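Just below is one structure, and these are the notes that go with it.
Every number in this text was worked out from the coordinates using simple rules, so none of it is lab data. Owing to the predicted nature of the structure, the values given are computational and were not obtained by experimental measurement. Cβ sites come from the backbone with ideal geometry, for glycine too, and all protein chains shown count toward neighbours.
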Amino acid sequence: MSDALITLYPWIKAFHIMAVMSWMAGLFYLPRLYVYHVERAGEVKGAGAIFDTMEYKLLRFIMRPAMFASWILGLLLVATPGIVDWSWIWPWTKGAAVLAMTGFHMWLAARRRDFEQGRNRLTGRQYRIMNEVPTVLMAVIVISVVVKF
């Protein structure tokens with residue numbers, strides 16, 4: 001198995017990067033949709049249902065598969081011999097940030113259910129602030145992997 005992982009490493013890494021990019025795009029866009037949902041859905045009849053559909057499809061058909069692919073491919077990268085030295089700090093900071101990003105993904109999914117059930121209590125401003133979370137986590141992950149402190 002380890003020989004196969006070493007041979008396939010460039011391919012796994014390439015697909016991992018693509019999956020992460022797709023996941024991050026959704027993590028950046030979904031909170032912004034929530035801002036517009038809160039602030040603009042009441043202006044046009046039926047807009048709330050349109051936002052519900054857009055949010056559901058983004059989460060279900062783009063973000064969730066991208067998150068699973070990111071995790072699976074990332075774990076394959078970690079399992080590749082010689083890639084991760086666990087005595088360094090960077091794999092731990094990256095891992096913590098990925099767990100936090102997954103938690104944020106789940107938080108976004110819970111907020112979508114709130115919208116769907118008419119229970120949203122957050123404001124557009126609060127969603128704008130939460131929209132910064134994936135940026136901070138992305139910075140931690142990229143610096144951890146590139147700088148390898």
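Below, the figures for the structure above:
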quantity	calculated
Kirkwood-Stokes translational diffusion coefficient of the chain, alpha-carbon pairs, 37 °C, 0.692 mPa s, µm²/s	197
3J(HN,Hα) from dihedral phi, the stretch 77-93, Karplus parametrisation 6.51/-1.76/1.60, rounded to Hz, x for glycine, proline	5, 5, 6, 6, x, x, 8, 10, 9, 6, 7, 7, 7, 4, x, 6, 5
Residue-span extension gain [V146 to F28] - 0.36 nm each, minus C-alpha spacing	40.3 nm
Dipole in debye (nearest 20) - the chain, about Cα centre, beta carbon charges: Lys, Arg +1; Asp, Glu -1	380
Gained length - T135 relative to D52, 0.36 nm times residue gap less alpha-carbon distance	27.5 nm
Top positive-direction residue, dipole computed over the chain with Cβ charges, set N120, V142, T93	N120
Linear extension gain, I6 paired with W88, 0.36 nm per residue minus alpha-carbon span	27.4 nm
Pairs of Lys in the chain closer than 28 Å at Cα, counting only those 8 or more apart or on different chains	5
Least to most buried among W90, W11, W23 (fewest other Cβ within 10 Å first)	W11, W90, W23
